[in-house]
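The values are calculated or read from the model by the stated rules, or taken from the named source; none is laboratory data. Please read these numbers as outputs of a predicted model, since none were measured by experiment. Backbone-built Cβ (ideal geometry, glycine too); neighbour counts: all protein chains shown.
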Amino acid sequence: MKNILLGVCLLLSGCSTFLFYPTKEYVTDLSLIGIPVRDIRLETPDNIRLNAWFVPAFDPKTKTETPPKGTILFLHGNAENISTHILGVLWLSFEGYNLFALDYRGFGQSQGSPSLSGAETDIQTALGWLIKHQTGDIFVLGQSIGGALTLSAINKSPDKDKVSALVIDSAFSGTRKIAREKIGASILFWAFQYPISWTVAENDPLKHAKQLTVPKLFITTETDNVVPASHSLRLYEQAAEPKKIIIVPHGKHIQAFADSTARLAVLDFLEQNAKAPN
């Protein structure tokens, strides 16, 4: 049914709106569970006001902030907003990293309407804010479409040399490729998968992965039924060095961090690629 709806959406709209499913309402209040969080307001060069959450490195046992090992710009997937995604990466705050979770335009309390090019501008704006206001290492963690956007936005950024490393979790290797796969799964639209997919905007994460020399860690699960592991493998195989990949045997889409091996591998990767002395 989802693939039929996708096909209808694309036939009627001829655009990439199927890539984004934002919600405005926040459903998680970290302050209610004793986690410090600060709202940050940003403004893009095209005058769109964005909202982000800054969660400091935090020890949940002592309920105190800790000296950060670095700051992670967190870029969530294509649905809902930061309030539904933050819990999946909150463990990084407990491991000593500041989290800067961004809502793209059109998501949560951010203004505007979502688009691939707009989201790239939003990411570059957030990176610029971190460079100006934070000291120490800056890392970027992108999940799903956030991973694809990480590759394109950071590669296009004049500040990419200020990013210590990227973690790309369950990203697709091309918007048109994933669109063809979803459309092709429907008998009704199988014959139209190529012409329909060409109506979708493309940010070409594969091209940017080939060019980007910032250290990259790709993560996927063998059982991801939303963005198959083949996408992460394709990105990894063609990406410029330095690069690593983790393939978790089990888990749904963007659920690799439920595996302790994956979490430890991410922490090791961040530590190995830290530039600033702790």
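When the strands (runs of 3 or more DSSP E) confined to the stretch 70-165 are screened for residues that are touching a Ser or Thr at 6+ places or on another chain (Cβ under 7 Å), those reaching at least 3 such residues are found at 97-102, 138-143. Applying the set (1) at pLDDT 95 or above; (2) touching an Asp or Glu at 6+ places or on another chain (Cβ under 9 Å); (3) not charged (D, E, K, R) to Gly174 leaves exactly one unmet item: (1).
Tell me the residue from Gly136, Gly108, Gly88 that is surrounded by fewer than 20 Cβ atoms within 10 Å (Cβ to Cβ) and on the phi > 0 side of the Ramachandran plot, please. That would be Gly136, the only listed residue that is surrounded by fewer than 20 Cβ atoms within 10 Å (Cβ to Cβ) and on the phi > 0 side of the Ramachandran plot. Scanning the stretch 64-79 for residues that are of a type in the set (D, E, K, R) and either at pLDDT below 95 or closer than 18 Å to Ala274 by Cα (or both) yields one hit, Lys69.
Candidates in the stretch 214-260 are the residues that are hydroxyl-bearing (Ser, Thr, Tyr) and touching a strand residue (DSSP E or B) at 6+ places or on another chain (Cβ under 7 Å); of these, the one that is surrounded by the fewest Cβ atoms within 10 Å (Cβ to Cβ) is Tyr236.
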